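This report concerns only the one structure given below.
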Amino acid sequence: MKQPVYLDNAATTALDPEVLESMLPYMTQHFGNPSSSYSLGRVTKSAIEAARKTVAQILSVKPSTLIFTSGGTEGNNMAIAMAVNELGCKHIITSPIEHHAVLHTVEHYAHSKNLTFSYVKLTATGEVDYENLEAQLVNQSKQGKKCLVSLMHANNELGSLLDIALAGKLCRENNALFHADCVQTIGHYPIDLKACGVHFATAAGHKFHGPKGTGLLYVSDEVKAYPLIFGGGQERKLRAGTENVYGIVGFAKALELATAGYDSDSKYITELNHFMRTQLKLAVPGVSFNNPANSLYTVLSVCFPVDSQSDYLVTLFDMKGICVSGGSACSSGDGGSHVMKAIGKAKSCATLRFSFSKHTTREEIVEAVEVAASIFQNKEISIA
Ligand SMILES: Cc1ncc(COP(=O)(O)O)c(C=O)c1O
């Protein structure tokens with residue numbers, strides 16, 4: 001059976017064979033518990049610390065500031081919990097287009113704690129209005145309320161990018177803590193976390209050809225870190241539980257490969273993204289795009305004309321062998337995209353998100369565009 005065309009790499013990516021190879025010895029011969037003091041345990045403990053060193057070097061931070069987690073969701077939960085439970089934050093500034101791993105966590109603490117939150121103003125294309133962010137920070141500071149700002153570096157549906165250094169500077173000027181959800185950017189851009197001025201940053205290995213269920217939380221050494229999961233002394237007592245050794249090894253290897261391939265991979269993927277955009281314009285009358293001008297290169301958010309098929313687009317593409325997302329994969333089935341609603345496009349667009357990786361081919365893009373043409377023009381086209 002022919003493999004489907006996979007154009008949903010913002011949801012997850014295929015494991016790189018080299019990453020799998022790096023993990024295999026820790027699934028077989030090196031199986032010791034890293035907390036055991038004998039040789040088998042020391043081998044796995046060393047592998048974790050070597051992985052931490054590799055990742056720290058790539059992100060320009062100290063190894064001691066990194067906590068390995070189960071993914072983006074856990075890191076986001078942990079950062080927000082630390083800020084509100086331990087670090088004195090009484091107000092959270094976030095945006096309505098954050099991932100639910102942030103939005104639902106903020107709502108949870110707003111209900112259970114003496115805490116308020118507000119949304120920063122966004123442009124029509126989902127970019128942060130920095131004047132509004134600054135005004136909100138100044139206002140909270142005047143009220144004597146310590147703030148946490150939690151904003152994503154890149155939006156997983158629209159591709160809109162945060163000026164992370166500017167947001168970091170505004171937070172520091174107003175004595176606020178800054179959490180950046182970097183799940184869609186770490187592994188896709190060279191990032192110097194220290195220079196960005198973030199206090200917390202999160203990443204997930206499966207977004208850049210690493211293993212699922214692996215992630216990272218960076219906690220700047222300017223703030224004291226606290227655990228969310230209690231138990232043993234793993235991860236310097238910040239995340240209890242026997243470590244996912246092969247996952248951590250795979251996470252570091254995937255980040256190493258992504259960093260080494262950044263120049264050529266990002267250029268290749270950007271070109272694919274432009275090619276699909278151009279071809280869709282020719283093939284589907286009335287098509288437009290939701291991405292802002294400065295956008296994540298891995299994501300193309302397409303606004304198809306609204307018609308009677310709009311609710312079934314993901315299924316129609318799937319029936320023709322194309323895997324694509326109707327928003328973020330995590331929100332499918334719960335009433336449409338909160339992101340499209342927040343930017344006021346939920347009704348005017350039938351939105352599909354196409355997202356690419358270094359494994360995506362031009363032929364696959366051609367196939368997807370031909371399927372789009374057959375769905376929207378009810379005719380077969382053939383792109384030379
Ligand atoms: C921006 C963003 N944050 C957080 C997450 C959650 O990451 P994970 O699925 O690794 O928990 C995702 C996943 O799609 C994401 O895109």
Packing-based order for 30-38, 239-247, using average beta carbon neighbours within 10 Å, highest first: 239-247, 30-38
Ignoring everything except DSSP H segments at least 4 long, calculate the 222 nm mean residue ellipticity for the chain; use -39,500 (n - 2.57) per segment, divide by total residues, nearest 500. -12500 deg cm²/dmol
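Of the listed peptides 271-280, 113-122, 214-223, what is their order by residue-averaged count of other C-beta atoms within 10 Å, with the highest listed first?
214-223, 271-280, 113-122
May I ask for the net charge around Asn139, where only other residues with Cβ less than 15 Å from the Cβ of Asn139 are counted and Lys, Arg are +1 while Asp, Glu are -1?
Numbers: positive: Lys90, Lys121, Lys142, Lys145, Lys146; negative: Asp129, Glu131, Glu134, Glu173.
Surrounding charge for Asn139 is +1.
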Viscosity 1.002 mPa s, temperature 20 °C: what is the translational diffusion coefficient of segment 1-138 from Stokes-Einstein with a Kirkwood Rh over Cα pairs, rounded to a whole number of µm²/s? 112 µm²/s
Once you list every other residue whose beta carbon is under 11 Å from the beta carbon of Pro96, what net charge do they have if Lys and Arg are +1 and Asp and Glu are -1? +1
How would you order 198-205, 286-293 from highest to lowest mean count of nearby Cβ atoms within 10 Å? 198-205, 286-293
Give the value in nm², to one decimal: projected area of the alpha carbon convex hull of segment 201-262, averaged over all directions. 4.8 nm²
Apportionment of accessible area to carbon and sulfur, segment 17-260, percent (1.4 Å): 54 percent
Taking all pairs of distinct Cα atoms, average 1/r, flip it, and tell me the Kirkwood hydrodynamic radius of segment 17-260 in Å to one decimal place. 18.3 Å
Charge tally in the Cβ shell below 14 Å around Leu170, where Lys, Arg are +1 and Asp, Glu are -1, Leu170 excluded: -2
Just to confirm, what accessible area per residue do you get for the chain at 1.4 Å probe, in whole Å²? 43 Å²
With charges only on Cβ, +1 for K and R and -1 for D and E, what is the dipole size of the chain about its Cα centre, in debye, rounded to 20? 880 debye
Whole-angstrom Cα spans of segment 232-371 along principal axes, big to small: 58, 36, 31
State which entries of Lys169/Lys347; Lys146/Lys212; Lys53/Lys237; Lys320/Lys358; Lys146/Lys207 exceed 30 angstrom in Cα-Cα distance in the structure shown. Lys169/Lys347; Lys146/Lys212; Lys146/Lys207
Eligible lysines near Lys341 by straight Cα distance, threshold 16 Å, same-chain separation 8 or greater: Lys121
If the viscosity is 1.306 mPa s and the temperature 10 °C, what Stokes-Einstein diffusion coefficient in µm²/s follows for segment 126-268 when Rh is the Kirkwood radius over Cα pairs? 95 µm²/s
Straight-line reach only, C-alpha to C-alpha below 18 angstrom: list the aspartates and glutamates that Lys45 could link to, leaving out same-chain residues fewer than 8 apart. Glu235, Glu243
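The values are calculated or read from the model by the stated rules, or taken from the named source; none is laboratory data. Bear in mind the structure is a predicted one, so any value in this text is a computation, not a measurement. Glycine gets a Cβ as well: all are built from the backbone with ideal geometry, and neighbour counts include every protein chain shown. Only protein heavy atoms, including side chains, enter the accessible area calculation; ligands, DNA and RNA are left aside. Shrake-Rupley method; radii C 1.70, N 1.55, O 1.52, S 1.80 Å.
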